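The values are calculated or read from the model by the stated rules, or taken from the named source; none is laboratory data. Note that the structure is predicted; figures quoted are calculated from it, not measured. Cβ atoms come from the backbone with ideal geometry, glycine included; neighbour counts cover every protein chain shown. Accessible surface areas use protein heavy atoms only, side chains included; no ligands, DNA or RNA. Shrake-Rupley method; radii C 1.70, N 1.55, O 1.52, S 1.80 Å.
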Amino acid sequence: MKDIEYISNAIDKRVDELSEIAIKIWEFAELPYEEFNSSRLLIDKLKAEGFDVEEGAADMPTAFTARWGEGKPVFGFLGEFDALDSLSQKREVASKSPIREGAPGHGCGHNVLGAGSLGAALAVKDHMIETGGKGTLMYFGCPAEEGAGSKQFMARAGVFDDVDFVYTWHPSDITQVQSDRTVAIMGANFRFAGTTAHAGSTPHLGRSALDAAELMSVGVNYLREHMIDQARIHYAYSDTGGTAPNVVQDRATVKYEVRSPKVGQVNELFERVVNVAKGAALMTDTRMEYEVTMAFSDYITNDALAEIADRALRDVGAPDWDEDDFKLAKEYLESFNETTRDMVKEKIINRFGMDRLDEVYQRPLDASITPYLRGNQNYVSGSTDVGDVCYTVPTLNFNVATAFIGNVGHTWQMTGQSGSRIALKGMLTAAKAMALSALRTAERPDMIEEAKNIVRTQNGGAYQCPLPEYVKPPIGRY
């Protein structure tokens with residue numbers, strides 16, 4: 001148990017500096033690929049701690065790798081630090097109070113994600129110095145998870161090729177080693193080109209690109225009836241061809257995102273969407289071209305790493321909430337509308353049982369560790385570029401409570417909680433669990449090899465990036 005005591009103490013000694021970094025990143029609230037201040041803050045800290053830092057990983061200015069130590073095993077932690085548009089909100093204020101209307105905010109908690117992974121890396125470094133431990137420790141600075149991603153570009157560039165295993169975490173309303181999988185995703189811009197004409201006097205001479213885009217939407221709506229239950233298709237118009245109704249629109253662009261449990265299923269469904277777009281162009285006598293803009297692989301948890309991590313998380317324990325934490329969490333819960341509160345009650349019943357509904361609703365913070373479910377085949381409907389890392393190197397994700405049970409992410413409520421003492425407590429728990437897991441895994445070459453065999457089995461022997469070669473990080477374009 002000495003490793004637990006050491007890691008716990010090492011991170012507790014850094015509470016103030018880690019919290020300060022997390023809050024500074026929260027205040028920066030920088031959008032995907034624009035996280036220059038957040039990235040620099042982390043880089044400067046890592047350099048001050050003796051890490052060798054390579055900036056501009058995979059041609060992304062805010063991506064970086066930091067390395068300390070030498071030899072095998074090579075292992076590390078993934079850090080994220082990007083915010084979401086239009087989710088500005090004051091810290092620990094449970095009523096809508098943007099710091100600046102329309103400004104970005106950390107509505108997914110990546111401020112504590114990046115700082116928590118940093119804490120894990122620093123604690124492991126301290127332990128290796130203290131014990132003479134061997135190996136190479138890394139921190140991967142990964143921007144734009146909320147944008148078109150970065151980890152798939154980093155994986156394609158070979159950033160993870162010599163790495164033996166990786167740990168990461170994500171802010172959540174539950175504390176566990178994640179066993180659910182996530183779904184793969186592919187996004188593309190569909191551009192239609194037509195011919196302008198006077199919509200009143202010579203409509204027969206026009207060919208409407210907007211008509212084509214709308215017919216594509218109709219066709220995809222019919223397609224939804226004929227796809228698997230776990231698949232999703234989303235869309236948004238980015239260019240409707242102008243605002244004058246008496247001009248036939250000669251251009252229109254609509255972006256589609258397709259999700260499904262596996263990359264292969266995404267590719268198949270995406271081709272069907274492309275065929276719908278081709279049909280829409282044919283019906284309207286317009287021209288269509290498309291460009292893939294982003295794609296993430298599905299995340300598959302690694303049972304070998306999880307065996308160690310689940311025990312480590314139990315040894316660390318859940319965050320230690322106090323009455324002020326419970327009170328603040330309840331205030332955020334009550335800030336949602338009745339429909340959402342009813343959904344929260346359903347989640348509480350499903351997780352804790354009807355007999356504990358009132359108790360948990362009044363004190364809505366997860367104070368337990370949810371057991372890891374080995375061999376779990378269930379999927380959640382979200383997507384993450386961590387999936388591309390898990391197809392390259394053994395990877396494991398922790399979920400740690402930083403918000404009330406049943407919390408809805410990508411909301412101003414999540415932004416407020418991500419800058420709160422609740423999130424900071426969760427961050428410290430995550431840092432301790434990841435650091436302890438990494439140290440124990442580094443001492444188990446047999447388990448590392450088993451984890452690698454799992455990756456080889458799931459990817460057929462080699463990582464296949466879902467992105468076409470022409471897709472580059474959309475720097476300055478997102």
* Asked: Restricting attention to the stretch 18-64, which residues are open to solvent by 10 Å² or more (accessible area, probe 1.4 Å), farther than 17 Å from K472 by Cα and among the small types (G, A, S)?
  -> S19, A29, A48, G50
* Test L78 against the stated conditions and say whether it is under 28 Å from I174 (Cβ atoms), under 20 Å from the mean Cα position of the chain (by Cα) and open to solvent by 10 Å² or more (accessible area, probe 1.4 Å). => no
* To do: Could you look through the stretch 310-340, keep only residues that are among the charged types (D, E, K, R) and part of a loop (DSSP other than H, G, I, E, B), and pick out the one that is farthest from R363 (Cα to Cα)?
  => D320
* Structure fact -> Listed by first then second residue, the pairs whose first member lies in the stretch 19-41 and is basic (K, R), whose partner is in a helix (DSSP H, G or I), with beta carbons under 7 Å and at least 6 positions apart or on separate chains, are K24/L41
* Asked: Among the listed residues F190, F160, F165, which satisfies the condition of being closer than 30 Å to D366 by Cα and in contact with a Phe, Trp or Tyr (Cβ under 9 Å, 6 or more places away or on another chain)?
  -> F165
* Pairs only if they're at least six apart or on different chains, beta carbon under 6 angstrom, first in the stretch 423-444 and more than 11 Å from A401 (Cα to Cα) and of a type in the set (K, R), second in a helix (DSSP H, G or I) and open to solvent by 10 Å² or more (accessible area, probe 1.4 Å); list them, first residue then second. => K432/S8; K432/V316; R440/I308
* **Whichever residue in the stretch 214-233 is open to solvent by 90 Å² or more (accessible area, probe 1.4 Å) and outside any helix (DSSP H, G or I) and, among such residues, is modelled with the highest pLDDT** => R232
* With respect to the numbered conditions (1) without any contact (Cβ under 8 Å) to a residue 60 or more places away in the chain; (2) touching a strand residue (DSSP E or B) at 6+ places or on another chain (Cβ under 9 Å), which one is the sole condition not fulfilled by G158? -> (2)
* What do you reckon, is E307 in a strand (DSSP E or B) and either free of Cβ contacts under 8 Å to residues at least 12 places away in the same chain or not hydrophobic (A, V, I, L, M, F, W, C) (or both)? -> no
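One line per residue, one yes/no per condition, for (1) modelled with pLDDT of 95 or more; (2) under 18 Å from the mean Cα position of the chain (by Cα); (3) more than 21 Å from E257 (Cβ to Cβ); (4) open to solvent by less than 30 Å² (accessible area, probe 1.4 Å):
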position	(1), (2), (3), (4)
V380	no, yes, no, no
D385	yes, yes, no, yes
T395	yes, yes, yes, yes
H410	yes, yes, no, no
R421	yes, no, yes, no
L424	yes, no, yes, yes
* Structure fact -> Of the residues in the stretch 274-301, those that are open to solvent by less than 60 Å² (accessible area, probe 1.4 Å) and aromatic (F, W, Y) number 2
* What do you reckon, is G406 on the phi > 0 side of the Ramachandran plot, in contact (Cβ under 8 Å) with a residue 24 or more places away in the chain and open to solvent by less than 20 Å² (accessible area, probe 1.4 Å)? -> yes
* Would you be able to say whether some residue in the stretch 195-209 is assigned to a helix (DSSP H, G or I) and either in contact with a helix residue (DSSP H, G or I) (Cβ under 8 Å, 6 or more places away or on another chain) or at positive phi (or both)? => yes
* **Residues of the stretch 359-378 that turn out to be open to solvent by less than 50 Å² (accessible area, probe 1.4 Å), assigned to a loop (DSSP other than H, G, I, E, B) and over 23 Å from E307 (Cβ atoms), as a count** => 2
* Filter the stretch 160-189 down to the residues that are of a type in the set (A, V, I, L, M) and not in a strand (DSSP E or B), then identify the one that is farthest from T370 (Cα to Cα). => V163
